[in-house]
Amino acid sequence: MSALGSNRFLLRKLLVVAAVMFGFGFALVPLYKKICEVTGINNIARADTVENRQIDTSRWLTIELDANTRDQLPWTFSPLQKTIRVHPGELVHVEYEISNPSGSAVTGQAVPSYGPQLAGLYFRKLECFCFTQQQLAAGETRRMPVVFVIEPSLPDDVNTITLSYTFFPIEGRG
Amino acid sequence: MEAVQGHDDHSHDHGHGYQGGVMRWITTTNHKDIGTLYLWFSFIMFLAGGTMALTIRAELFQPGLQIVEPEFFNQLTTLHGLVMVFGAIMPAFVGFANWQIPMMIGAPDMAFARMNNWSFWLLPPAGLLLLGSFLVPGGAAAGGWTLYAPLSIQLGIGMDLTIFAIHIMGASSIMGSINIITTILNMRAPGMTLMKMPMFVWSWLITAYLLIAVMPVLAGAVTMLLTDRHFGTNFFNAAGGGDPVMFQHIFWFFGHPEVYIMILPGFGIVSQIIPAFSRKPLFGYASMVYAMSSIAILSFIVWAHHMFTVGMPAAGLLFFMYATMLIAIPTGVKVFNWLATMWRGSMTFETPMLFAVGFIFVFTMGGFTGLILAITPVDIQLQDTYYVVAHFHYVLVAGSLFSLFGGIYYWLPKWTGHMYDEKLGQIHFWLSMIFFNLTFFVMHFLGLAGMPRRVPDYATQFAEFNMIASIGAFGFGLSQLLFLYIVLKCIRGGVKAPARPWEGADTLEWTLPSPAPYHSFETPPVVK
């Protein structure tokens, strides 16, 4: 092969490497998703399982429910009860109401957060509207449940937990 | 092609001309011209990034807000990082590669001379996009140079300009790297086997492979940011099922090899200077090559040590901690070899050697703080404090930048045909060294005491150390004007440089006359 020819050949090979690495950057996204799925890391949008159903009746916890919307999402969103008192280990069922007063269908996704943050580790959600995207038709109102158990191993100094949901609009999906 | 007659301010003879004035520089395909362009571009960006740094330090001179608004302060810290990394350090090393690699391996020019021209001329538009983003509504990107989501998804149009600038600079780096690899692999003089190549050439061969492997990943990451911002995708948008931490994983998969991209050519330069001024061959040549290769390979498996606080499982924390500490071993081999090269050498301390020895001293300090930060529980305490700022300025300023200064003094006689002013050079070294440490050493204490980075205001107990750091920074910044003066003075005239001004230097470029002729090694030399 001539000098120029072998240079061009190497150029092409290296360009292919660069193109593959560009694709690899994108491939990392599904790759991480798969790894997290297999290893069970990062499972905030999946139902938890509860093994120990021993209810600790000697202890009372206050759960404060909070609801927000973000980024001009034209919804009203609130829990039916603002606070509830529960025992650790008890199966709790609460409901939220969302309505879409706007004139068009809108899709949103709720993202939970916990205060104190640490309490999130002990908050086992068996069912939650935050596991999937919610689509509301124009003018539709919907009641949505959250079913959860607080693990009895919750540290003793935590007496109040705030569960806060924020709904974000999903763009490009009516 | 016929060669070119010198430009007015380049008094040395370039051969015979076919185009003068500005068009010579725009159309040039000569590796020496392009190297010069890269070096001047990077110096201009260095001054721009330095001006931002000094504005930051002026604001931090005292507690409270005096000079800039917090929003603008955030833009300054972001752009300072981006401009210095992508505009100053990286192009400067590519400038060295262009000037030196063909001369050091006995090749007439780079493999793809016209692509070389294109690689450089992509940079000025990218630089203008970055600096111009200050002028658009909402100002420049303000989420830190790491462009973390979700801030980078929410910022204004300045962020889009930054993304485009990174795309362009990435394309430029990839083309430059392909050129360098092809030149090194295909165009070495007869007899120069891979294991006879000068260490600077080896360092660039490894660096170029790193660049090709990770610059496209960064391009992918910022492309995902762009589509998240404008086209309704949800790679990093939590609300749409994306994950902002995902961005950090992709970014640092690029980012950690990137920090070695910015230091390996520096290792190469220092490995040329130390033997030359110790008048001994480099100690442990083969182990140097293996050490650099292992650093490059390890750099791909340590990225998450930048993200110890994101909530990884303990197994992940341990893996990334130990993998990071492993890098200290090849780096230690390199430092040991430099010291062993100097051991019982006939050392003299001209400016390049001062910078090289200074490099070993301060870079090793930066390496040790890196080891401390690698310890997960310590890092969780120190994440995003000034300790981290001190650490990476020790390895980037005292590491990369000092090696660049050393390399410029070392090869300036070959490039210009004149000796630089040795006395002024040494003054430049001592000013840089003292003011550098004045600026950044105290930042360790600030970080240990808990001062967070990227804030325009701070609690009053940090006032003294911040004042010292600001004084140091202004001293350091102004010292670099002396450097500009020394370089300009050397270009304009001075003592005529012999072909081999350093008696211990034995690589091929020193067999050429000084200044190096516009076309060199058209018939390849034979290496025994």
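The values are calculated or read from the model by the stated rules, or taken from the named source; none is laboratory data. As the structure is a computational prediction, the values presented were derived from the model and not from experiment. Here the Cβ is made from the backbone with ideal geometry for all residues, glycine too, and neighbour counts use every protein chain on show. Just so you know, the surface numbers come from the protein's heavy atoms only, side chains and all, with ligands and any DNA or RNA stripped out. Shrake-Rupley method; radii C 1.70, N 1.55, O 1.52, S 1.80 Å.
Which one of B:Leu185, B:Leu151 is free of Cβ contacts under 8 Å to residues at least 24 places away in the same chain and out of contact with any helix residue (DSSP H, G or I) (no Cβ under 8 Å at 6 or more places or on another chain)? Let's see the steps before the verdict.
Details: B:Leu185 fails: out of contact with any helix residue (DSSP H, G or I) (no Cβ under 8 Å at 6 or more places or on another chain).
On inspection, the qualifying residue turns out to be B:Leu151.
Scan B:Met312, B:Met321, B:Met342 and give me the residue that is hydrophobic (A, V, I, L, M, F, W, C), touching a residue at least 60 places away in the same chain (Cβ under 8 Å) and open to solvent by less than 40 Å² (accessible area, probe 1.4 Å).
B:Met342
Looking only at the range B:57-78, which residues are charged (D, E, K, R) and buried (at least 21 other Cβ atoms within 10 Å of the Cβ)?
From the range B:57-78, those charged (D, E, K, R) are B:57, B:59, B:69, B:71; that's our starting set.
Residue satisfying the conditions is B:Glu59 alone.
Taking the criterion of being part of a loop (DSSP other than H, G, I, E, B), within 14 Å of chain B (Cβ to nearest Cβ) and at pLDDT below 85, would at least one residue in the range A:154-170 satisfy it?
Yes, the range A:154-170 contains a residue that is part of a loop (DSSP other than H, G, I, E, B), within 14 Å of chain B (Cβ to nearest Cβ) and at pLDDT below 85.
Taking into account only those residues within the range B:155-167 that are surrounded by fewer than 21 Cβ atoms within 10 Å (Cβ to Cβ) and free of Cβ contacts under 8 Å to residues at least 60 places away in the same chain, which is nearest to the other protein chains (Cβ to nearest Cβ)?
Residue satisfying both the conditions and the ranking: B:His167.
Is it true that B:Ile174 is over 24 Å from A:Arg8 (Cα atoms) and either open to solvent by 30 Å² or more (accessible area, probe 1.4 Å) or within 17 Å of the chain's Cα centre (by Cα) (or both)?
no
Every residue, every condition in (1) among the small types (Gly, Ala, Ser); (2) part of a helix (DSSP H, G or I); (3) within 14 Å of chain A (Cβ to nearest Cβ); (4) more than 16 Å from B:Thr207 (Cα to Cα), yes or no:
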| position | (1), (2), (3), (4) |
| --- | --- |
| B:Pro124 | no, yes, no, yes |
| B:Pro137 | no, no, no, yes |
| B:Ala140 | yes, no, no, yes |
| B:Gly144 | yes, no, no, yes |
| B:Ala149 | yes, no, yes, yes |
| B:Ile153 | no, yes, yes, yes |
| B:Ile174 | no, yes, yes, no |
| B:Ser177 | yes, yes, yes, no |
| B:Ile181 | no, yes, yes, no |
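B:Arg188 - would you say it is over 21 Å from A:Ala19 (Cβ atoms) and either at the interface with chain A (Cβ under 9 Å from one of its Cβ atoms) or assigned to a helix (DSSP H, G or I) (or both)? Can you show your working first?
On the way: over 21 Å from A:Ala19 (Cβ atoms): yes; either at the interface with chain A (Cβ under 9 Å from one of its Cβ atoms) or assigned to a helix (DSSP H, G or I) (or both): no.
Against the criterion (over 21 Å from A:Ala19 (Cβ atoms) and either at the interface with chain A (Cβ under 9 Å from one of its Cβ atoms) or assigned to a helix (DSSP H, G or I) (or both)), B:Arg188 does not qualify.
What is the one condition in (1) without any contact (Cβ under 8 Å) to a residue 40 or more places away in the chain; (2) part of a helix (DSSP H, G or I); (3) in contact with a helix residue (DSSP H, G or I) (Cβ under 7 Å, 6 or more places away or on another chain) that B:Ala499 does not satisfy?
Only one criterion in (1) without any contact (Cβ under 8 Å) to a residue 40 or more places away in the chain; (2) part of a helix (DSSP H, G or I); (3) in contact with a helix residue (DSSP H, G or I) (Cβ under 7 Å, 6 or more places away or on another chain) is unmet by B:Ala499, namely (2).
Do the conditions hold for B:Met467, that is, is it of a type in the set (A, V, I, L, M) and open to solvent by less than 20 Å² (accessible area, probe 1.4 Å)?
no
Which ones in the range B:432-452 are open to solvent by 40 Å² or more (accessible area, probe 1.4 Å), under 16 Å from B:Ala473 (Cα atoms) and touching a residue at least 40 places away in the same chain (Cβ under 8 Å)?
Listed by number, the residues that qualify are B:Ile434, B:Phe435, B:Phe441.
Which ones in the range A:132-146 are under 29 Å from A:Gly89 (Cβ atoms) and surrounded by fewer than 15 Cβ atoms within 10 Å (Cβ to Cβ)?
A:Thr132, A:Arg143, A:Pro145
Hey, could you check the range B:354-381 for residues that are among the hydrophobic types (A, V, I, L, M, F, W, C) and open to solvent by less than 10 Å² (accessible area, probe 1.4 Å) and say which is farthest from B:Asn437 (Cα to Cα)? Before you say what the answer is, go through the steps one by one.
Our first condition is that a residue be among the hydrophobic types (A, V, I, L, M, F, W, C); within the range B:354-381, this holds for B:354-357, B:359-363, B:365, B:368, B:371-375, B:378, B:380.
Pick out the ones that are also open to solvent by less than 10 Å² (accessible area, probe 1.4 Å) and you get B:355-356, B:359, B:362, B:374.
Working: B:Phe355: 14, B:Ala356: 16, B:Phe359: 12, B:Val362: 9, B:Ala374: 22 Å.
Here the residue is B:Ala374.
Where in the range B:193-287 are the helices (runs of 4 or more DSSP H), entirely inside, with at least 2 residues that are facing chain A (nearest Cβ under 8 Å) and either crowded, with 19+ Cβ neighbours inside 10 Å or touching a helix residue (DSSP H, G or I) at 6+ places or on another chain (Cβ under 7 Å) (or both)?
B:199-230, B:244-261
May I ask you to say which residue of A:Ile44, A:Ile55 is modelled with pLDDT under 90 and within 12 Å of chain B (Cβ to nearest Cβ)? Give the steps one after another, and end with the answer.
Numbers: A:Ile55 fails: within 12 Å of chain B (Cβ to nearest Cβ).
The match here is A:Ile44.
Just checking: which of the strands (runs of 3 or more DSSP E) contained wholly in the range A:1-105 hold 1 or more residues that are open to solvent by 60 Å² or more (accessible area, probe 1.4 Å), over 29 Å from B:Trp303 (Cβ atoms) and without any contact (Cβ under 8 Å) to a residue 24 or more places away in the chain?
Working: elements: A:61-69, A:76-79, A:83-86, A:91-99.
Strands (runs of 3 or more DSSP E) meeting the threshold: A:83-86.
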